[in-house]
Amino acid sequence: PPPANMGRAPGPPDGGWGWVVVFGAFVSIGFAYAFPKGLAIFFKEIQDFFGTSYSEIAWVSSIMLATTYGAGPISSILVNRYGSRPVVMFGGLLCGIGMVSAAFCTSILQLYICVGFITGFGLALNLQPSVIIIGKYFLKRRPIANGLAMAGSPVMLCTLAPLNQFLFDNFGWRGSFLILGAILLNCCVAGALFRPIGAATASVKSQAIEEGKDGLKEEVTKDAMEMSSPMNSPVGTKTEEEGERDCCEKINKYLDFSLFKHRGFLIYLIGNVLMFLGFFAPIVFLAPYAKHIGIDEYSAAFLLSILAIVDMIARPTTGIIANSKWVRPRIQYFFSFSIAFNGACHLLCPLASGYTGLVVYSTFFGLAFGMVCAMLFETLMDLVGAARFTSAVGLVTIAECCTILLGPPIGGTLIDTFGDYKYMFIKCGAVMFLAGTFLFIMNYYNYRMLAKEEKERKAKEEDSKSVRTENEGRNNWNKETIQDGPELEPLKEEQEGLKKEVNGT
């Protein structure tokens, strides 16, 4: 028979080709996160071109972000079925098709479809596989690898913000969309770097299966004969139930719905759903806000570059801090603080007056935003483990897409209603501060419960060990008495002889 570990995939290499995979994830994650924010440069001009309101134009980014997150389960299923490499390459192709099609749109509804749904779905196929494959290549250095990969978002945003303004000045928004569609095809190149890990063992495993087929033929034949016998006729009445069970098992194979019984996962899910109600709106409206108060176009776009540069430094730094021996055992607290810090920045934004104040706000916002994004998936993997992480990402993103979809349009509605941007920033800040406080309190409760459960488990193990030792001692004593039985037979004979004499007397 083949060895027991012959068909198993090797452990995470924590280096080697994994750093090339991190670079590919850097590119694909960068486009997935930065592209919807970089499009905000064109919103003012598209709004004037189509004659729409702030809330209507905000739906473009909202639909794109919501599709990127809402298609998470589909992306997870495709990754489980086909692997990360073909999924990312197909996603890059969809992104290019969506943006090229958007260049020929004649209504805002067509922009919703081309930019929002098609490009957003392509970005979803870039985001999930890139995050998942890092968990397969890294274990000990996973926080650092995640931090470096997540740094792709600020780097891309830092590049796209001035690039989009340059493209608009020279080619208009339609020509810019054509060029951006071609640029997004680089996601196909990034996906080509995602070499499947453990592919070499697949041939060995299939060979072992082929060798075992001959030996299993007789057993299969016997099982078939037993199933066809009259004694097993009631089995035929259960085919519908078994079919339903098989269908549920197939679905659960790709999406583990038992995670909804996981306490830590539910805390993470509720906190993140609340957080995303105010997470993206400030970035979407930062450049339009600067233009609204009289700042020129390139200076407004430079605010996004400042945010991205600070974000770029914050993400890998946060990954290194999160990987330290002091922070990693309680990384959930660090994540909660980052979200609350993000909310505090938005609450203080209305106090910023003029361009200098917005530069200071962009700096602190970039720091807080980078801290949250660097730990967004690391904290989830810390809760559910690498084995269930693929399903967890899919379930979390589809739950988050509702608040992601509503966040920017609610902010746009506040701007249209009051004619001032400060209410939008206050709303986002209050929501995020509340989410951070909720996560901090509930994670404290979760850590207490985990410690209590671990203590009870150890107590049960000690009790079972003591019971086992007593049973073993009793068994040993019985064995000794049984072994000593033949030696005591002469004494028994003497006792019986005495009894007979006494009875005779």
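The values are calculated or read from the model by the stated rules, or taken from the named source; none is laboratory data. This structure is a prediction, so every number in the text was calculated from the model and none was measured. Please note: Cβ atoms are built from the backbone with ideal geometry, for glycine as well, and neighbour counts cover all protein chains shown. What goes into the accessible areas is simple: the full protein's heavy atoms, side chains included, and nothing from ligands, DNA or RNA. Shrake-Rupley method; radii C 1.70, N 1.55, O 1.52, S 1.80 Å.
When the chain is fully extended, how far beyond the present Cα-Cα distance does C402 get from M449, taking 0.36 nm per residue of separation? Each step should come with its number before you reach the end.
Values: separation 47, 0.36 × 47 = 16.92 nm, distance 3.03 nm.
Computed gain between C402 and M449 is 13.9 nm.
Set the bar at 24 Å for Cα to Cα. Now go through K37/K140; K261/K452; K325/K455; K140/K465; K37/K136 and name every pair that lies beyond it.
Details: K37/K140 32 Å; K261/K452 18 Å; K325/K455 22 Å; K140/K465 33 Å; K37/K136 29 Å.
Over 24 Å apart, Cα to Cα: K37/K140; K140/K465; K37/K136.
Computed on alpha carbon atoms, what radius of gyration and Dmax characterise the stretch 314-387, expressed in Å?
14.3, 50
With equal scatterers on the alpha carbons only and no solvent term, can you work out the Debye log10 of I(q)/I(0) for the stretch 12-197 at 0.19 1/Å?
Values returned for q = 0.19 Å⁻¹ are -1.18.
Only Lys, Arg, Asp and Glu count, each charged at its Cβ (+1, +1, -1, -1), so figure out the dipole size of the stretch 1-139 about its Cα centre, rounded to 20 debye.
Values: 6 positive and 4 negative charges, 96 e Å.
Result for the stretch 1-139 is approximately 460 debye, rounded to the nearest 20.
So, for the stretch 12-197, what is the accessible surface per residue at a probe of 1.4 Å, expressed in square angstrom? It would help to have the intermediate numbers written out before the result.
Values: 6100 Å² over 186 residues.
Result: 33 Å² per residue.
For the stretch 22-87, what percent of Cα pairs sit more than 15 Å apart?
Details: 1365 of 2145 pairs.
Cα-Cα pairs in the stretch 22-87 separated by more than 15 Å: 64 percent.
With only alpha-carbon atoms counted, please give the Rg and Dmax of the stretch 257-456, in Å.
17.9, 64
About its Cα centre, what dipole magnitude does the stretch 257-456 give when the only charges are +1 on Lys and Arg Cβ and -1 on Asp and Glu Cβ, stated in debye to the nearest 20? Provide the component values of the computation, followed by the final result.
Numbers: 13 positive and 11 negative charges, 130 e Å.
I would put it at about 620 debye.
Rounded to the nearest 20 debye, what is the charge dipole size of the stretch 77-176 about its Cα centre when +1 sits on each Lys and Arg Cβ and -1 on each Asp and Glu Cβ? Could the numbers behind the result be given before it?
Details: 7 positive and 1 negative charges, 119 e Å.
That gives a dipole near 560 debye.
What is the percent carbon and sulfur in the accessible area of the stretch 12-197, measuring with a 1.4 Å probe over the protein chains and ignoring ligands?
Of all accessible area on the stretch 12-197, carbon and sulfur atoms account for 71 percent.
Considering the options Y447, F418, F389, tell which one lies farthest towards the positive end of the dipole of the stretch 257-456, charges being +1 on Lys and Arg and -1 on Asp and Glu at the Cβ, about the Cα centre.
Of Y447, F418, F389, it is Y447.
Which value results for Rg/Rh of the stretch 372-413 when Rg is the Cα radius of gyration and Rh the Kirkwood radius based on the inverse mean 1/r?
Details: Rg = 13.0 Å, Rh = 11.6 Å.
With Rh from the inverse mean 1/r over Cα pairs, Rg/Rh is 1.12.
Work from the charge dipole of the stretch 257-456 (Cβ charges, +1 for Lys and Arg, -1 for Asp and Glu, about the Cα centre) and give the residue of G319, F265, I306 farthest towards its positive end.
F265
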